[in-house]
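To keep things clear, I will list the structure first and then write my remarks on it.
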Amino acid sequence: MPLTLGLIGSGAIRTALARLAVAAGLDVVLGNSRGPETLSELVDTLGSHARAATPAEAAQAGDLVVVTVPLTALDRLPADALNGKIVLDTGNYHPQRDGQTAELDNDEITSSGLLQRQQETGHPLDLLGYDAVDIGMLADSWRSEPNNPVYVEPYRGVAPEGLEPKEWWVWSLEDPGTPVGAAQVRELVASAERGLVASAERGPSRAGLLPAGLTL
């Protein structure tokens, strides 16, 4: 019987992981705050190994559960259903999107630490084709937060020249990206600096969004 991946949230990360999971032979159960009916189109493209559900149902069904939600949605997660599960957290702190959180601004905790308050989290597995790189304890997860070297940028492909902003955005969603080796990831993680998410010197966090000079 294949493993089941529960996916809670929306957006490009959820969609990419769902496709990878189905291609790897896993069953996928997707849930979001807007209801199963809003996922019908995506489920249809994924085929018979995918179904839509509520967030709690996705958590209960998943052998592995991916939480890919904004920081502001953490308090709406089905904590009871996630307890005891292996949880993969893709969340990052974007204060320009999520609003300021004093604990994060003061480096008292990480965004994954906030999620852990609701349930025990585990370690990700490599079933989806990803290598695993140990960057330390959960308290060290700031090293992969926005504006740090390992976040998003190393995995981007090279965009065609001359794209308008909206064309670049479409390209970035469709581009498969560039694999980055474990040794390079370790180097990038080691060069991280604390506090860059909300750093006034660096300006608003743009990592994972448009490159400098492009606006929609």
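The values are calculated or read from the model by the stated rules, or taken from the named source; none is laboratory data. Model, not experiment: these values are computed from the prediction. Cβ atoms come from the backbone with ideal geometry, glycine included; neighbour counts cover every protein chain shown. Side chains included, ligands, DNA and RNA excluded: accessible areas come from the protein's heavy atoms. Shrake-Rupley method; radii C 1.70, N 1.55, O 1.52, S 1.80 Å.
Of all residues in the stretch 25-73 being β-branched (V, I, T) and surrounded by fewer than 16 Cβ atoms within 10 Å (Cβ to Cβ), which is farthest from Q96 (Cα to Cα)?
Of everything passing the filter in the stretch 25-73, T45 is farthest from Q96 (Cα to Cα).
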Would you call A52 assigned to a helix (DSSP H, G or I) and either on the phi < 0 side of the Ramachandran plot or modelled with pLDDT of 90 or more (or both)?
-> no
Collect the residues in the stretch 6-24 that are surrounded by fewer than 19 Cβ atoms within 10 Å (Cβ to Cβ) and not in a helix (DSSP H, G or I), keeping them in residue-number order.
-> G11, A24
Residues in the stretch 136-171 that are open to solvent by 50 Å² or more (accessible area, probe 1.4 Å), part of a loop (DSSP other than H, G, I, E, B) and among the hydrophobic types (A, V, I, L, M, F, W, C): how many?
-> 3
Going through the stretch 74-92 one residue at a time, which ones are at pLDDT below 85, of a type in the set (G, A, S) and either open to solvent by less than 60 Å² (accessible area, probe 1.4 Å) or part of a helix (DSSP H, G or I) (or both)?
-> A79, G91
Answer yes or no: is there a residue in the stretch 32-41 that is touching a helix residue (DSSP H, G or I) at 6+ places or on another chain (Cβ under 7 Å), under 24 Å from L71 (Cα atoms) and free of Cβ contacts under 8 Å to residues at least 40 places away in the same chain.
-> yes
